[in-house]
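Worksheet for the structure shown next.
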Amino acid sequence: MANNPRRTTKRLYFISLGVYAVSFLLPAVLNPSPSESFGLVEMWGWQAAAMSIATPMIVILGPSNFGYVAAAGLIATGYRRAAIASSVAALLSMAYCGIILGPRPGDGPFRYPGGHLGPGYYAWLAAGVMMFVCGVRAYREARASHDSEVLSFGRL
């Protein structure tokens, strides 16, 4: 464990943002039966993100990206409880994205647990989990520093 927990939380925060950004450059959905005309990648991360904000899908899949971005902003501005709630909504939506695209067995070289979900999806999901953990850590650190201030001034 690091000597400075706040530094660890900041590092986790920026790693989460980096993994989130990289997830848009990776394949999100793999083609279960690749062909020469269509290829191995069915949908890239940036295409999946654009699809999630399309009109009919925004109600179901919109919280995944909007919730993540909101959680990142809320943590940075100090609204830790709201950030935790926002990241939970994002994680639930992210998980639902993987469930709604039911597993299809791939006959290509990639056989991920979801069948056709690519590394971009798992990086995206990992970024969401890291942001949730970051929100919880930031909340605990704020409470610990508040408790130590209360103890130091004798207001119990």
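The values are calculated or read from the model by the stated rules, or taken from the named source; none is laboratory data. Because the structure is predicted, anything quoted here is derived from the model rather than measured. Glycine also receives a Cβ, built like all others from the backbone with ideal geometry; neighbour counts cover every protein chain displayed. For the accessible areas, the whole protein counts, side chains as well, though only heavy atoms, and no ligand, DNA or RNA atoms are used. Shrake-Rupley method; radii C 1.70, N 1.55, O 1.52, S 1.80 Å.
Here are the numbers for this structure:
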read-out	value
Per-region count, the range 9-55, residues modelled with pLDDT under 85 and of a type in the set (Ser, Thr, Tyr)	5
Cβ-Cβ under 6 Å pairs, at least 6 apart or on other chains, the range 79-91 side under 12 Å from Gly128 (Cα atoms), far side open to solvent by less than 20 Å² (accessible area, probe 1.4 Å) and of a type in the set (S, T, N, Q)	Ala90/Ser64
Enumeration of residues in the range 77-92 that are closer than 9 Å to Pro63 by Cβ and open to solvent by 40 Å² or more (accessible area, probe 1.4 Å)	Ala89, Leu92
Top-ranked residue in the range 93-120 [being open to solvent by 20 Å² or more (accessible area, probe 1.4 Å) and touching a helix residue (DSSP H, G or I) at 6+ places or on another chain (Cβ under 9 Å); ranked as modelled with the highest pLDDT]	Pro119
All positions within the range 69-98 that are closer than 17 Å to Ile53 by Cα, of a type outside the set (Gly, Ala, Ser) and in contact with a Gly (Cβ under 6 Å, 6 or more places away or on another chain)	Leu91, Met94
